[in-house]
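*Asks:* Before I ask anything, here is the structure I am working with.
The values are calculated or read from the model by the stated rules, or taken from the named source; none is laboratory data. From a predicted model like this one, the values you see are computed outputs, not experimental measurements. In this analysis, Cβ positions are derived from the backbone assuming ideal geometry, glycine residues included, and neighbour counts consider all displayed protein chains.
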Amino acid sequence: MQTTTAAHDPALDPAPATTAEGSFLDQDYPGTLREGLDQFRATNPDLIEADTSTEVGRLTMAHDCCHVLFGLTTELPDEVLADTWTLAGSTVTIRKYAEYLKHDEFAQLPKLIGYRKVIVESIRSLPRVFKVIRRPRRMTSKWPMFDYAEHLDTPVAELRRRHNIEILAHD
């Protein structure tokens, strides 16, 4: 999750970093989950700190892994999709996810972004949300939200094949 202000201009954001191996936004990205996370963080310097010694840090790391695994940026429409993928395609429960979102670091995000913008972008994202809701039904198993550490050195393409994850293409 990226901390932004209402004046944030997505056009000024750097394009997702690519390596000789490509971008984690590509379905067949051959880099490991760890490399995808490095790429994700390199293009998103304002992310909430993923200090895994704290509850907020553990959720942030797990959430960032979902961004990489499901091929999502930190643009607001993709954040809506990240939450959808997380709830429909991972082992986290709605109750547990809601508990995490009560932490100040997450609860303040809609205010920083702007409530109106969050609502408008969420509504605009609905067609893609409906696509995402259907995709986890085809998954062979749900992504183990908080057991990501054992998969950090596994290629993202392999994780996607293993779980039968088909990411949405970016326009």
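*Asks:* Quick one: would you say Ser141 is part of a loop (DSSP other than H, G, I, E, B), in contact (Cβ under 8 Å) with a residue 12 or more places away in the chain and either among the hydroxyl-bearing types (Ser, Thr, Tyr) or within 26 Å of Asp46 (Cα to Cα) (or both)?
*Replies:* So Ser141 fits the description; yes.
*Asks:* Report, by residue number, each residue of the range 64-106 that is farther than 16 Å from His163 by Cα, in contact with a Pro (Cβ under 9 Å, 6 or more places away or on another chain) and not in a helix (DSSP H, G or I).
*Replies:* Scanning the range 64-106 gives Thr73, Glu75.
*Asks:* Regarding Glu150, is this residue surrounded by fewer than 19 Cβ atoms within 10 Å (Cβ to Cβ) and within 14 Å of Tyr29 (Cβ to Cβ)?
*Replies:* Here the answer is no, as Glu150 does not meet what is asked.
*Asks:* Just checking, which of Ala82, Ala98, Ala157 is in contact with an Asp or Glu (Cβ under 6 Å, 6 or more places away or on another chain) and of a type outside the set (Ser, Thr, Tyr)?
*Replies:* Every option except Ala157 fails the conditions.
*Asks:* A further question on this structure: Going by the conditions given, is Lys117 more than 26 Å from Met139 (Cβ to Cβ), of a type in the set (Lys, Arg), surrounded by 14 or more Cβ atoms within 10 Å (Cβ to Cβ) and modelled with pLDDT under 90?
*Replies:* yes
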